[in-house]
Amino acid sequence: MEKIISLAKRRGFVYPSSEIYGGFAGVYDYGPFGVELENNIKAQWWKKMVHDRDDIVGLDSSIFMNPKIWEASGHTKGFSDPLTECKKCNTRIRVDKALEEIGVFADEKMEEEEINKIFKEHKEEIKCPKCGSQDFTDVKKFNLLVKSNLGDFTEDNSSPAYLRGETCQGIYVNYKNVLDSMHMKLPFGIAQIGKAFRNEISPRQFIFRSREFEQMEMQYFVRPENEMSEFEKLREYRYNAILELGISKENLKWKQHENLVFYAKDAYDIEYKFPWGFDELEGVHARGDYDLTAHSKGCGKQLDYFDQESGERFIPHIIESSTGVGRLVFAILAEAYTEDELGGKTRVYLKFKPQIAPVKAAVFPLMKNKPELVEKARGVYEALKKEIPQIMWDDNGNVGKRYRRQDEIGTPYCITVDFDTLEDDTVTVRDRDSGDQQRMAIAELTGYIKNAIK
Ligand code: GAP
């Protein structure tokens with residue numbers, strides 16, 4: 001874990017937020033390579049969930065919405081985590097997680113009374129992670145919605161607007177707009193990528209649980225009788241899409257929810273083996289007609305579907321797939337992190353799948369103080385960059401240092417322009433994983449790299 005966090009910072013993937021001001025808990029900034037990695041992940045998701053599908057369309061709804069939406073969805077009351085405070089050092093602890101750590105089942109969805117009872121039964125086994133004390137306050141449920149004063153000019157912020165706690169609510173409230181403007185027929189889906197905000201009590205484990213994060217969610221609207229068969233199809237589709245990012249089967253597993261919320265038909269999480277063990281990467285849930293029914297009641301408008309062929313009118317059921325960009329970045333970094341020995345020396349490299357790598361190839365002049373080499377290498381670099389945007393120029397330090405840097409960035413190919421290049425228009429192409437080098441004609445480079453990242 002420490003090695004991944006340190007490499008992520010050192011090589012410009014992820015920085016702690018507001019670092020020069022002492023940081024800001026629960027938020028992170030993505031550096032130059034982090035944002036490229038994020039963009040590649042988002043592009044793969046958009047391709048799989050929108051462009052490859054005739055039955056799914058995209059959406060970009062606003063972060064701020066009418067606060068009534070969060071009342072109707074149940075978030076103002078039910079979107080909370082159970083919290084206790086150490087009476088000695090005031091450290092706040094998420095009770096469901098503390099119980100989970102000692103092998104006792106608890107769920108953030110449990111009523112305050114229920115979780116308090118379990119907590120009291122096991123209080124002797126739980127210690128404050130900071131000071132070791134076992135003196136805690138009663139458990140209180142703490143709402144996760146982040147409030148703002150947008151459009152609220154009361155002095156005490158008594159009519160707050162919320163920063164969205166999940167992106168899918170923007171999809172539900174636009175269901176009718178999409179249906180009417182796009183003439184969609186069931187089954188159909190609406191997909192969205194965007195920021196979400198949660199007042200997490202204990203943001204932790206690097207970018208795994210943060211207070212500001214990005215979600216990629218798709219809501220699939222189906223006939224009620226098809227809910228479970230479509231659910232199985234979506235589960236398989238999403239699992240395969242995650243494998244395509246270069247994540248191995250051994251590090252993935254399905255976890256079925258034991259304690260289903262009252263409206264859910266079934267719910268599974270795809271878990272990834274993070275450095276601390278298997279934990280949630282993505283959820284695939286069969287949500288019944290809960291969301292559209294709740295918003296229909298909330299706004300007083302019909303959110304049903306009229307089937308022209310059968311003449312039936314009904315509320316579609318919803319199957320959801322929901323994942324976090326940050327969790328995928330973390331999983332892909334953890335999966336790619338490799339230490340091995342090359343040329344008698346230990347090295348660290350990120351074994352990204354070339355399609356996902358933030359830099360596809362780096363171009364070097366063998367020596368940066370030889371203008372003829374630099375000029376030739378710039379030509380190779382510029383020609384490649386026209387065809388493949390994620391190409392990097394690197395002339396910093398000697399070639400050995402450049403290889404080490406590019407290995408840590410996870411660049412699959414390093415291209416060196418040397419004196420032979422001036423004679424015969426060939427370059428050295430070094431493969432990141434094996435360290436093997438081959439001579440290749442400049443004319444073949446673009447095709448070679450394009451083929452590798454296809
Ligand atoms: N619409 C359903 C929903 O939001 P969720 O399980 O609360 O369900 C879905 O979140 C996904 O969003 C998670 O599987 C995770 O990938 C990501 N996620 C949730 N909370 C997060 C947080 N605090 N930080 C980073 N990612 C988070």
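The values are calculated or read from the model by the stated rules, or taken from the named source; none is laboratory data. All values reported here derive from a predicted model rather than from experimental measurement. Here the Cβ positions follow ideal geometry from the backbone for every residue, glycine too, while neighbour counts run over all protein chains shown. Just so you know, the surface numbers come from the protein's heavy atoms only, side chains and all, with ligands and any DNA or RNA stripped out. Shrake-Rupley method; radii C 1.70, N 1.55, O 1.52, S 1.80 Å.
If you go through the range 160-180 and keep only what is away from the ligand (no atom under 15 Å from the Cβ), part of a helix (DSSP H, G or I) and not aliphatic (A, V, I, L, M), you end up with K176, N177, D180.
Restricted to the range 404-454, and to residues there that are assigned to a loop (DSSP other than H, G, I, E, B) and β-branched (V, I, T), the residue that is surrounded by the fewest Cβ atoms within 10 Å (Cβ to Cβ) is I453.
Of all the residues in the range 215-229, those that are in a helix (DSSP H, G or I) and buried (at least 19 other Cβ atoms within 10 Å of the Cβ) number 1.
For E258, the conditions (1) part of a loop (DSSP other than H, G, I, E, B); (2) surrounded by 14 or more Cβ atoms within 10 Å (Cβ to Cβ); (3) in contact (Cβ under 8 Å) with a residue 12 or more places away in the chain all hold with the exception of (2). In this structure, V57 does not qualify as open to solvent by 20 Å² or more (accessible area, probe 1.4 Å) and in a helix (DSSP H, G or I).
Taking the criterion of being part of a loop (DSSP other than H, G, I, E, B), within 23 Å of S202 (Cβ to Cβ) and over 25 Å from the mean Cα position of the chain (by Cα), no residue of the range 60-84 qualifies. For first residues located in the range 212-230 and within 30 Å of V14 (Cβ to Cβ), partners that are more than 15 Å from the ligand (Cβ to nearest atom) and outside any strand (DSSP E or B) and lie 6+ apart or on another chain with Cβ distances below 9 Å form the pairs M216/W46; M218/V50. When I207, I193, I201 are screened for being within 16 Å of the ligand (Cβ to nearest atom) and in a helix (DSSP H, G or I), only I207 passes. Considering every residue within the range 230-251, establish whether at least one is within 19 Å of the chain's Cα centre (by Cα), under 29 Å from I315 (Cβ atoms), away from the ligand (no atom under 13 Å from the Cβ) and of a type in the set (A, V, I, L, M, F, W, C). Yes, the range 230-251 has at least one match. Just to be sure before I move on: is Y268 assigned to a strand (DSSP E or B) and crowded, with 22+ Cβ neighbours inside 10 Å in the structure I sent? Spelling it out, it is not the case that Y268 is assigned to a strand (DSSP E or B) and crowded, with 22+ Cβ neighbours inside 10 Å. Restricting attention to the range 92-136, the residues that are open to solvent by 30 Å² or more (accessible area, probe 1.4 Å) and part of a loop (DSSP other than H, G, I, E, B) total 14.
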